[in-house]
Amino acid sequence: MIHLMSDIELVGAPAGVEGAGFFATSLDKAVGIARANSLWPLPFATSCCGIEFMATMSPHYDLARFGAERLSFSPRQADLLMVMGTISKKMGPVLRQVYLQMAEPRWVLAMGACASSGGIFDTYSVLQGIDEIIPVDVYIPGCPPRPEAVIDGFMQIQELVKTETLRRRDTPEYQKLLASYGIL
Amino acid sequence: MGKITNEELLAKINAKFGDQLTVVGEPFGLLTLETTRENISGILSWLKTEPSLQFIYLTDLTGIHYPENAGKEIGVIYHLHSLVNNVRIRIKVFLDEKDIHIPTATTLWDGANWMERETYDFFGVLFDGHPDLRRILNVDDMTAFPMRKEFPLEDPNRVDKKDYFFGR
């Protein structure tokens, strides 16, 4: 039998109640699925991890499969801040400014050893991990990580986005986290 | 090979300045002299303007720190290049850690501006007469001079290299 349909997999329906002519689920789940599959990443690439990210965006690895083909170069329209590379202390305030300009809900992914911990640059001029200045959701280890690792990290972010309740950003825990970074 | 040998160059300098300079050596064929901050401006100015030499290009201006040399801890090093004669020269000035003042070279070369700012940024050398002596590479609110030997190499905020992670 010839399949006329393509083999592209669509996102499955969330858990819910199904019946004749109707399907009911919670708003959280529906919105979560929509958000997770149309994340707009802002690539904040400063060094070699950025090169691996370019490979990840290329057709061979194809981050577009996950709904992230629309890179946003304006923080105002981005959902996910992907920090890739060494962040010097002088760059720190710039990164923080970019984070502050993003609208909620926003997620942060630290790619590679430098963004996660400073990496080999244990020195006076380099920020020892971006979590010194902004909260981070997912860390990708590696120096630099392979595109597969980037995709894995991105899927971890998707999982967070999918399972997050719509009101999480209003919770006292989240407010406390932001306050610990001096963000109101 | 340059059009002037180091011997000829040294003879010319000695004829003009004599006791104001001491010869440190000629590592890799680069004539290296040492002088004091009282004499450095006159020597640089003469090297640049003397028609037979014309050291018109300031290749590099940097600093160095020898904490064990009491009274001469901080060094300022000038590399000059005579494009006409294809010859280079290096001049060092050593300063006391407690009084790190030296006249600026921006009056001779505009290119000295950023080099002196960098030397100030990393070693704390104060260039008297510099038009805009402030930090250039490090963050503005940094209080230390990170290339000095007493400054710790590794960042104290680093947590993932603490001993207890490695059973030490």
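The values are calculated or read from the model by the stated rules, or taken from the named source; none is laboratory data. As the structure is a prediction and not an experimental result, all values here were calculated from the model. A quick note on method: Cβ atoms are made from the backbone with ideal geometry, for glycine too, and the neighbour counts reach across all protein chains shown. Accessible surface areas use protein heavy atoms only, side chains included; no ligands, DNA or RNA. Shrake-Rupley method; radii C 1.70, N 1.55, O 1.52, S 1.80 Å.
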Reachable lysines from A:Lys162, criterion Cα separation under 18 angstrom, eight or more residues apart if same chain: A:Lys29
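Give me the percent of the accessible area of the range A:105-174 that comes from carbon and sulfur atoms, probe 1.4 Å, all protein chains in place.
58
Report the Stokes-Einstein translational diffusion coefficient (µm² s⁻¹, integer) for the range B:28-168, Rh taken as the Kirkwood radius over Cα pairs, at 37 °C with viscosity 0.692 mPa s.
The calculation lands on 197 µm²/s.
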Those trypsin sites (Lys or Arg not before Pro) in the range B:1-55 that DSSP places in a loop and that have at most 16 other beta carbons within 10 Å: B:Lys3
Relative contact order for chain A, counting Cα pairs under 8 Å that sit 6 or more residues apart, in percent: 21
Shielded residues, the range A:121-140 - accessible-area loss of 50 Å² or more between chain alone and all protein chains, probe 1.4 Å: A:Asp122, A:Tyr124
FRET efficiency, 1/(1 + (r/R0)^6) with R0 51 Å, evaluated for B:Asp141 and B:Val23 via beta carbons: 0.75
Rounded accessible area per residue of chain B, 1.4 Å, Å²: 55
The protein assembly as shown, Rg to Rh (Cα coordinates; Rh as Kirkwood inverse mean 1/r): 1.18
Filtered GluC sites (Glu not before Pro), the range B:20-83: DSSP coil and at most 14 other beta carbons within 10 Å: B:Glu68
The range B:111-168: GluC sites (Glu not before Pro) falling in loop per DSSP and having at most 16 other Cβ within 10 Å: B:Glu150, B:Glu154
Residue-level accessible surface for A:Tyr139, protein heavy atoms, 1.4 Å, Å²: 100
Summed buried accessible surface, chains B and A, 1.4 Å probe, nearest 100 Å²: 1100
Eligible lysines near B:Lys92 by straight Cα distance, threshold 16 Å, same-chain separation 8 or greater: B:Lys72
Exposed-loop-free span, longest in chain A, where trypsin sites (Lys or Arg not before Pro) count as exposed if DSSP calls them loop and at most 14 other C-beta atoms lie within 10 Å: A:71-166
